[in-house]
Amino acid sequence: MINRRQVLQLSASMLAYQSLGLNAEQAASPPANLPLIQRPIPSSGELLPVMGMGTSRTFDTAADAESLAKLTEVMRAFFDGHGTVIDSFPMYGNAETRVGDVLRAMEKSPKLFAATKVWTTGREQGIAQMEESARRMNVQRFDLIAVHNLQDWKTHLDTLKNWKKEGKVRYIGITISHGRDHQELLQIMRSEPLDFVQFSYNIQDRVAEKALLPVAQDRGIATMINRPFQRGALFGKSRGHELPTLATELDCGSWGQFYLKFILGHRAVTCIIPATAKVHHMTDNMQANFGRLPDAAQRETMLGIFGSL
């Protein structure tokens, strides 16, 4: 956790970091005349901006002033781009703590949709883990807590149902981090009152289209999408290739935005949570929070373009 001395160091370090060319002017300011894209959480109707932020690996840093300054710039770009959803996890090393450190140091509290996960065995252990996550991330009440990778899911989901009734958490859900356990997740989605599910989906990994996304849409469950760039593998295919004409039609200025807009073209997708510790990547990601989305025919064209790379 950041201390008072580090708070004082942070301001000075940010000035030094800005001298490297990463300053507030590079924040993801909204593109002119392009509408913000929002999707409703089906269980409540609450609107969320479609571009969120993950923290896996990227926010697992030391608490030195330089690291905090870099992460502060990243989060400023996120909030300036009208992002609200920040997803973390106690198993991401220092990530939850770094998020809390940056939020504490911000002069003005931003609009935040705070999400984390529980991943342990046993009721009391789960409660202790979730309470510690709240302290680390500096939130009074989480907007969303999800059971991660189905670990002791019946126990934790029972706790979360009670917490939701008591007003201790606003939304509850289940996550999987990779392409396994889909059948068990589908059974839970069909039988439990979930607000959110989280899983992987991108232009290359489209397994979620077979059942996860349709069931979520049918059951009225919001979806949070991880690994939108297949951990960077997508850029290996498009590197060196010019953007197609279709990208302009969809208000995309980069391959990253092209890949994000493909995902958002599926109407069952609520939000996406790419993770980055680089300001220019965050700025680029947040441009996908605005503008036009592909229809079904355009998504087929996007698939054809990607397949030809």
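Please state, to two decimals, what the Cα-based radius of gyration of segment 156-232 comes to when divided by 2.2 N^0.38 Å (N = residues).
Rg over 2.2 N^0.38 Å, computed on Cα atoms: 1.14.
Label points 7 Å out from Cα along the Cβ direction at Thr301 and Ser191: separation in nm?
Between Thr301 and Ser191, the simple spin-label model gives 4.5 nm.
Where does the Debye-calculated log10 I(q)/I(0) of segment 217-279 sit at q = 0.19, 0.22, 0.28 Å⁻¹, using only Cα point scatterers of equal weight, no solvent?
After summing over all Cα pairs, the log10 values are -0.81, -1.00, -1.27.
Given points 7 Å out from each Cα along the Cα-Cβ axis, report the Thr248 to Phe235 separation in nanometres with one decimal.
About 2.5 nm separates the two model spin labels.
Which shape class applies to segment 109-220: rounded if a/c is under 1.5, otherwise prolate when a/b exceeds b/c and oblate if not, where a ≥ b ≥ c are the square roots of the Cα gyration tensor eigenvalues?
Prolate, because a/c is 1.5 or more and a/b exceeds b/c.
Got a sec? Which residues in segment 153-176 would a label at Gln125 touch, if it sits 7 Å along Cα→Cβ and we count backbone N under 14 Å?
The answer is 153-156, whose backbone nitrogens lie closer than 14 Å to the label point.
Step by step: find N for segment 244-291, compute 2.2 N^0.38 Å, then divide the Cα radius of gyration by it. What's the final number? Present the calculation step by step, with values, prior to reporting the outcome.
Details: Rg = 10.6 Å, N = 48, 2.2 N^0.38 = 9.6 Å.
Dividing the Cα radius of gyration by 2.2 N^0.38 Å gives 1.11.
Translational D (Stokes-Einstein, µm²/s) of segment 166-309 at 10 °C and 1.306 mPa s when Rh comes from the Kirkwood sum over C-alpha pairs? Display every interim value, and only then the final one.
Numbers: Rh = 16.0 Å.
After rounding, the answer is 99 µm²/s.
So if we plug the beta-carbon distance of Glu184 and Arg141 into 1/(1 + (r/R0)^6) with R0 = 25 Å, what FRET efficiency do we get, rounded to 0.05? Provide the component values of the computation, followed by the final result.
On the way: r = 29 Å, r/R0 = 1.16.
The value I calculate is 0.30.
What do you get for Rg/Rh over the chain if you use C-alpha atoms and the Kirkwood form of Rh? Working shown, then result.
Details: Rg = 19.1 Å, Rh = 19.9 Å.
We get a ratio of 0.96 for the chain.
Take peptides 203-209, 277-283 and line them up by average Cβ neighbours within 10 Å, highest first, as a rough protection proxy. Before the final figure, lay out the partial values.
Values: 203-209: 17.0, 277-283: 19.6.
So the peptides 203-209, 277-283, ranked by packing, come out 277-283, 203-209.
Please report, in whole Å, how far the alpha carbons of segment 57-111 spread along each principal axis, starting with the longest.
26, 22, 15
What is the diffusion coefficient of segment 72-160 in µm²/s, taking the Kirkwood radius over Cα pairs and the Stokes-Einstein relation at 10 °C with a viscosity of 1.306 mPa s?
On the way: Rh = 13.5 Å.
Value of D from the Cα-based Kirkwood radius: 117 µm²/s.
What list of ³J(HN,Hα) couplings, whole Hz, do you get for segment 192-199 from phi and the Karplus terms 6.51, -1.76, 1.60, once you set θ to phi - 60° and write x for glycine and proline?
Working through the residues one at a time gives 10, x, 8, 8, 9, 10, 10, 7 Hz.
Quickly rank 49-56, 252-259 as a protection proxy: mean count of other C-beta atoms within 10 Å, highest first. Working shown, then result.
Details: 49-56: 24.9, 252-259: 21.4.
The peptides rank, most packed first, as 49-56, 252-259.
Along the Cα→Cβ direction, 7 angstrom out, place labels at Ala63 and Asn162. What is the inter-label distance in nm?
My value for the distance between the label points is 3.2 nm.
Every number in this text was worked out from the coordinates using simple rules, so none of it is lab data. Computed from a prediction, not measured in an experiment: that's the story for all the values here. Counting neighbours? That spans all protein chains shown, and the Cβs are built from the backbone with ideal geometry, glycine included.
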